[in-house]
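What follows is calculated from the coordinates using simple rules that are stated; it is not laboratory data. What you see is a predicted model; the values in this text were computed from it and never measured. All Cβ positions, glycine included, derive from the backbone under ideal geometry; neighbour counts span all protein chains shown.
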Amino acid sequence: MDHRTEILDLRGALEALRAEPGQLIETEVEVDPMAELSGVYRYVGAGGTVMRPTRVDGPAMLFKNVKGHPGASVAIGVLASRARVAKLFGCGKEELGRLVRDCAQAPVQPVVTKGPAPAQEVVHLASEPDFDLSRLIPAPTNTPVDAGPYITLGMCYATHPDTGLSDVTIHRMCIQGRDELSIFLQPGSRHIGAMAERATELGRPLPISVSIGVDPAIEVLSCFEPPTTPLGFNELSIAGALRRRPVELVDCVSIAERAIARAEYVIEGEILPGSNNVVEDRNSHTGFAMPEFPGYNGPASRECWLLKVKAVTHRRSPIMQTCIGPSEEHVNMAGIPTEASILGMIDRALPGKVLNCYAHRSGGGKYMAVLQCRKTVHTDEGKQRQAALLAFSAFPELKHVILVDEDVDIFDSDDVLWAMNTRFQGDVDVVTIPGVRCHPLDPSSNPAYSPSIADTGVSTKTIFDCTVPFALKERFRRAPFLELDPEKWLHG
């Protein structure tokens, strides 16, 4: 199978993983979606910034016996390995950033197909007396203190009330009632948030669909952010470029919006105007939302919007897809588009000077990037730091950039730290930029941490220059070993 062109949906991705030894575990043992499911996967393959012990690059899991949800399954960890994402995208793990950058520059717009689509094989209307989101959707909690059952991998699709341009993004949603979800739209940072604010100004609801269990390309590529994908840029077109065919949409059954036709579940509803005062833990009163990507429990928001559900549609024997907030899945969903954005901006300004970029897992794919730099002439000295400044511009939530030479494997943390230990001096190779807006979920970006921090979310962006000065390159040449193929000794 050509994974790049043949995978169309979650089921196709799982089938591809079944054919790869050690990439998918399927179990019939009953699991409780309330904290137990995530608790199991924490040990199997969560990785990321999850508290140790956890396993990095472990297999995905498919739970086929979910307590309280006969006939449904839950998939987790599909994206929790960079190598696995690369297989599903049809490339090497080192090539993901550049492949995705190229796709963003050659978008293939989605198309609308006639219904009913696979995602609409079964229809439940909220007007039905037995309609209940908690019964219909096996949404897990990550920990015992989560605000409630969360939808963590819902592709939210909506259309701007003025421009008619549509967009897809991922937002956390918590089940609050039989037909109500809270949806967290971080103010000023995401496109659907801007759409909801404009709809409120017009005094009308914002129709929105939430597609769950889709092609992994859609999940990763929907995580692009400005400036690479400005307001009005439909990220589904990047997934279309990757698969070399348009993503198929279908008209919803209860609202004037579209959804991803080959999803496992679709939630249809409206974000109510002026409803951005929903308390996220109003049912549980735990004070927490769910574990966030930096590895800490996020506080329950008091500024969520209310999504009033009109219908739920799904496939027969549907597969719910979920992820653990701080897991390697977040690293890949956030980090690969971050790498593509950074490479795109640097390549335009400094062509050939940065060979590759890795949004490191320790920063959840957002806080830290490692740039592999090349200096070929004396005038290249200093351009590596210019590249770091461009990286901060390409992705404003970035906090730290580590610069290394072309002989360092940026995907090997030991090699990166080796460069820091042998090619770095703290008094000359640190560049700090204080007082810059970064990310509010960094608990150290708070005035309580330091009086130098003016507001929550303000940080000091820092460059760690672990590159050798051009004039000294010969003194820092690594010990050369004989280049050969060891296979005949290993298997001879």
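Structure notes:
- Considering only beta bridges that DSSP places wholly inside the chain, some 70 percent are antiparallel.
- Pairs of Cα atoms farther than 21 Å apart, the stretch 305-385, %: 53
- The GluC sites (Glu not before Pro) found in the stretch 445-488 that occupy coil by DSSP, while having at most 12 further C-beta atoms within 10 Å, are Glu483.
- Pairs with C-alpha atoms separated by more than 29 Å, drawn from the list Lys93/Lys308; Lys93/Lys383; Lys353/Lys461, are Lys93/Lys308.
- Between Asn65 and Asp415, the simple label model (points 7 Å from Cα in the Cβ direction) yields a spacing of 4.5 nm.
- Projected onto its three principal axes, the C-alpha set of the stretch 166-224 covers 35, 29, 18 Å, listed from the longest axis down.
- The Rg/Rh ratio for the stretch 337-450 is 0.96, where Rg is the radius of gyration of the alpha carbons and Rh is the Kirkwood radius.
- Semi-axis lengths (Å, descending) of the ellipsoid that matches the C-alpha gyration tensor of the stretch 113-167: 26, 20, 12
- The stretch 376-438 and the stretch 14-73 have Cα centres lying 36 Å from one another.
- Pairwise FRET efficiency - Glu483 versus Thr456, Cβ, R0 = 56 Å, nearest 0.05: 0.65
- Two tests apply to each whole DSSP H helix in the chain, Cα reach of 20 Å or more along its axis and mean Kyte-Doolittle hydropathy of at least -1.0, and the ones passing both are 328-349.
- Cβ-defined net charge surrounding Asp405, 15 Å radius [Lys, Arg +1; Asp, Glu -1]: 0
- The Cα atoms of the stretch 88-196 cover 48, 39, 31 Å along the three principal axes, with the biggest extent listed first.
- Extension gain (nm, one decimal) between Asn283 and Asp102, 0.36 nm per residue minus Cα-Cα: 60.7 nm
- Under 16 Å from Lys64, Cα to Cα: aspartates and glutamates that are on another chain or at least 8 residues apart: Glu15, Glu26, Glu28, Glu30, Asp32, Glu36, Glu264
- Projected area averaged over orientations for the chain, convex hull of C-alpha atoms, nm²: 25.0
- Shape of the stretch 116-260 from the C-alpha gyration tensor: rounded (a/c under 1.5, with a ≥ b ≥ c the square roots of its eigenvalues).
- Calculated FRET efficiency for the pair Arg204/Asp347, C-beta based, R₀ 56 Å, to 0.05: 0.85
- Debye log10 I(q)/I(0) for the stretch 1-117, one point scatterer per Cα, at q = 0.16, 0.21 Å⁻¹: -0.89, -1.19
- Potential lengthening of the chain between His378 and Arg437 amounts to 17.9 nm, from the contour at 0.36 nm per residue minus the alpha-carbon distance.
- Nearest-0.05 FRET efficiency for Arg245 and Glu303, computed from C-beta distance (R0 45 Å): 0.70
- Restriction of the chymotrypsin sites (Phe, Trp or Tyr not before Pro) in the stretch 327-427 to DSSP coil positions whose beta-carbon has at most 12 other beta-carbons within 10 angstrom yields no sites.
- Each 5 Å bin from 0 upward holds the following percent of the Cα-Cα pairs of the stretch 291-340: 4, 14, 13, 15, 19, 21, 12, 2.
- Gyration tensor verdict on the stretch 386-492 (Cα atoms; rounded if a/c is under 1.5, prolate if a/b is larger than b/c, oblate otherwise): prolate
- Extension gain, Val428-Glu94: 0.36 nm per intervening residue step, less the Cα-Cα distance, totals 117.2 nm.
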